[in-house]
Amino acid sequence: MREYLLTLCITAAVTYLLTGPVRKFAIVAGAMPEIRARDVHREPTPRLGGIAMFFGLCAGLLVADHLTNLNGVFSQSNEPRALLSGAALIWLIGVLDDKFEIDALIKLGGQMIAAGVMVMQGLTILWLPIPSVGTVALTQWQGTLLTVALVVITINAVNFVDGLDGLASGMVCIAAAAFFMYAYRIWYSYGIEAAAPATLFAAILMGMCLGFLPHNMHPARIFMGDSGSMLIGLVLAAGAISITGQVDPDSLFGGSQRQTVHQMVPVYIPLLLPLTIIAIPAADLVLAIVRRTWRGQSPFAADRGHLHHRLLEIGHSHSRAVLIMYFWSALIAFGALAYSVNSASMWIVLGVVILSAIGLLLLLLPRFTPRAPMWAQAFVPPRYRRRRKAVAESAPAVEPAAPAVEEEERTPVAVGVSGVNGATAIGARSRFLDRRKAGSSR
């Protein structure tokens, strides 16, 4: 566990430290496209955050290769090299798209090629546990097609959900945390070395997301772009393929083959396909395809009908919409994880039902702002503090004209406008207007 945590921390540190220089490079390179109709930010913001995330991935794999216990993952399996090859290809395609806006069909072809590169190096689905049937061995063509489809679906699901500041990286980090707990349990508790690559992939993926999140939280100073969203989607899919399609079910439980699969059904709920772990992005992907096809549009035509856009339309703030998506992702991922550990416990089902009701309540109260008690006023942001009406009503209205102008000059710049998170935010800028330029013609 210490070596996994060390790998996670190194990955997060490299990603975090490189994101600042990458942001300046993106501004110089002009990787700041014009604001589109579906965007929610107010001014051009640099992309190419996937560059820092890719180098974080490389640093994590390099450190793991030199650790005592994790070195065996590289000597006994070719999966880390397969992941690095596919990640490099998909990252290069994403970088080109962030800079030049390449066609969607070209990106789809690149995703399939990246998945094929991983399959050629051994990262593929070999068999599937099917209830009432047993463990079904797949032919080479069946495994290849299923692996490519799984990778492409996961990449696009993560890419579709990348629409708000910190949304995609946070949701994938939550899914990776649940994935890591499950894979580590299989590797450590059952002593199955085939689960070690998936555990390593999940730890590195968490580090990539955690290192990038401080720069990407609202208001974001940089976006990960397709170079980042497609990269983390591929890493998530690679881990799910590694443990779902290559860990032999018979090595986990004894008994007949059919009995083994029946016992493994609760365990495979989080990872039978990665669509369960990224259920929210996958649902958003399916709804987007159905919605666009129904309108006679291309499935790849962008619009403002995604789930996070709908949360904004019904009145939720940017930060609250992201937190609500975090909540539902964590509920599904960790609820499935808990059920896989003990499927007979009614407390788990009851807890999931109660938390689901709380989530629905949060969806129905978009304009509700909780107020902290008086003793906690100093520890919460100003928007959660109680207003002092008595002081406001008793304040005399002296010199109404001049103070109004003075107060307007001292109003902080609103979040998302020029000087905070866009192309002009290379350095620090004062949050107040310059009095000397107040009377200027500009």
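Of note:
- Within the shell defined by Cβ-Cβ distances under 15 Å, the residues around Leu231 carry a net charge of -2, with Lys and Arg each +1 and Asp and Glu each -1.
- Our compactness index for region 87-163, the C-alpha radius of gyration over the empirical 2.2 N^0.38 Å, is 1.30.
- Stretching Val136 away from Thr68 to a fully extended chain increases their span by 21.0 nm, per 0.36 nm per residue minus the current alpha-carbon distance.
- When you count the other C-beta atoms within 10 angstrom of each residue and take the mean per peptide, 144-157, 47-60, 225-238, 76-89 line up highest first as 225-238, 47-60, 144-157, 76-89.
- log₁₀ of I(q)/I(0) at q = 0.10, 0.20 Å⁻¹ - region 135-256, Debye sum with one point per alpha carbon: -0.35, -1.07
Read-outs: derived from the displayed coordinates by stated rules, not from any lab. Keep in mind that this is a model prediction, so the values were computed, not measured. All Cβ positions, glycine included, derive from the backbone under ideal geometry; neighbour counts span all protein chains shown.
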